[in-house]
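Enquirer: Can you keep this structure in mind? I'll have questions shortly.
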Amino acid sequence: MGKILLTSAGFYTGAIRSRFLQCFEIKPEDARVSIITTASINKKSNNEFALKILRDFHEMGMKNVHFVNIEFEEPEILRQSDVIYLNGGNPFYLLYHLKRSGADTIIREFAENGGLLVGVSTGSIVLGPDIKLMQHFSPEMDSVGLDDLTGLGVTDVRVFPHYGDETLYPDKQGRRVEERILEFERSHRCYVNRLRDDGAIVI
């Protein structure tokens, strides 16, 4: 099994960047990196976060970096990667297109064969067992009418990204984020990792 780095906001700190580089078994300059931009429904590779991560990779000495939108591109291109980076955005939209394109199978095989996966926010969520937590918090984001909320199952870790930022998850009933997470944990008998922007989980 390869390494998996789950983050809330990518290489938000120098410490997260260092942990990422520690996962490498090849020279950074030899690495082939694919950034999946599909979750950003409208802007894709023009998304400010996608452009920032491109700069981050370049600063780490990685020049062979490509944006991949599996909504329209063949997912087979992912097989040529040493690193697959799943950028943030809409979890329902991303999961729908990962499964529709067959990229989900390729990513699972990639992990099994020793590849390095990096999830960012939504990207971290879909790598887990399911995205039911996002349905619990933001059902209005499901613009594709997703019936199967099963994730890629590359890890059994559930994460809640951007923990600590109440503004991202408004609630009509006035409940705080922690209260709603606890409610989800009780009803689904599971544990959710609260992931702040400056945190990361290495698997």
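The values are calculated or read from the model by the stated rules, or taken from the named source; none is laboratory data. Values in this document were obtained by computation on a predicted structure and should not be read as measured data. Methodologically, a virtual Cβ is constructed for each residue, glycine included, from the backbone with ideal geometry; neighbour enumeration extends over all protein chains shown. For accessibility, only protein heavy atoms count, side chains too; no ligands or nucleic acids. Shrake-Rupley method; radii C 1.70, N 1.55, O 1.52, S 1.80 Å.
Enquirer: In region 74-90, is there at least one residue being among the hydrophobic types (A, V, I, L, M, F, W, C) and part of a helix (DSSP H, G or I)?
Expert: So far as region 74-90 goes, yes, one or more of its residues are among the hydrophobic types (A, V, I, L, M, F, W, C) and part of a helix (DSSP H, G or I).
Enquirer: Okay, next question. Can you name the condition, by its number, that residue 99 falls short on among (1) open to solvent by 50 Å² or more (accessible area, probe 1.4 Å); (2) at pLDDT below 95; (3) within 22 Å of residue 50 (Cβ to Cβ)?
Expert: (2)
Enquirer: Given (1) touching a helix residue (DSSP H, G or I) at 6+ places or on another chain (Cβ under 8 Å); (2) at pLDDT 95 or above, identify the lone condition not met by residue 63.
Expert: (2)
Enquirer: While we're looking at this one, here's another question. Determine which single condition residue 69 fails, assuming it passes every other condition in (1) within 28 Å of residue 15 (Cα to Cα); (2) touching a strand residue (DSSP E or B) at 6+ places or on another chain (Cβ under 8 Å).
Expert: (1)
Enquirer: What are the residues in region 27-47 that are assigned to a helix (DSSP H, G or I) and closer than 18 Å to residue 93 by Cβ, if any?
Expert: Within region 27-47, 44, 45, 46 meet the criteria.
Enquirer: Say we look at region 13-25 and pick out the residues that are part of a loop (DSSP other than H, G, I, E, B) and modelled with pLDDT under 95; which of these is most open to solvent (accessible area, probe 1.4 Å)?
Expert: Restricting to residues being part of a loop (DSSP other than H, G, I, E, B) and modelled with pLDDT under 95, the top hit is 25.
Enquirer: So, one more: Which residues, taken from region 183-203, are among the acidic types (Asp, Glu) and open to solvent by 80 Å² or more (accessible area, probe 1.4 Å)?
Expert: 198 - this is the single residue of region 183-203 that is among the acidic types (Asp, Glu) and open to solvent by 80 Å² or more (accessible area, probe 1.4 Å).
Enquirer: While we're on this one: Hey, can you tell me all the residues within region 113-159 that are surrounded by fewer than 23 Cβ atoms within 10 Å (Cβ to Cβ), of a type in the set (Ser, Thr, Tyr) and farther than 18 Å from residue 183 by Cβ?
Expert: Within region 113-159, 143, 150, 155 meet the criteria.
Enquirer: Going by the conditions given, is residue 105 hydroxyl-bearing (Ser, Thr, Tyr), open to solvent by 10 Å² or more (accessible area, probe 1.4 Å) and more than 26 Å from residue 31 (Cα to Cα)?
Expert: no
Enquirer: Taking region 26-78 as the region of interest, how many residues are free of Cβ contacts under 8 Å to residues at least 60 places away in the same chain, surrounded by 15 or more Cβ atoms within 10 Å (Cβ to Cβ) and among the aromatic types (Phe, Trp, Tyr)?
Expert: Going through region 26-78 one residue at a time, the tally reaches 2.
Enquirer: Exactly one condition in (1) within 21 Å of residue 121 (Cα to Cα); (2) outside any loop (DSSP other than H, G, I, E, B) is not met by residue 58; state its number.
Expert: (1)
Enquirer: List pairs: first residue in region 87-108 and on the phi > 0 side of the Ramachandran plot, second residue surrounded by 21 or more Cβ atoms within 10 Å (Cβ to Cβ) and of a type in the set (A, V, I, L, M) anywhere in the structure, Cβ distance under 7 angstrom, at least six positions apart or on different chains.
Expert: Going by the 7 Å Cβ cut-off, the qualifying pairs are 89/39.
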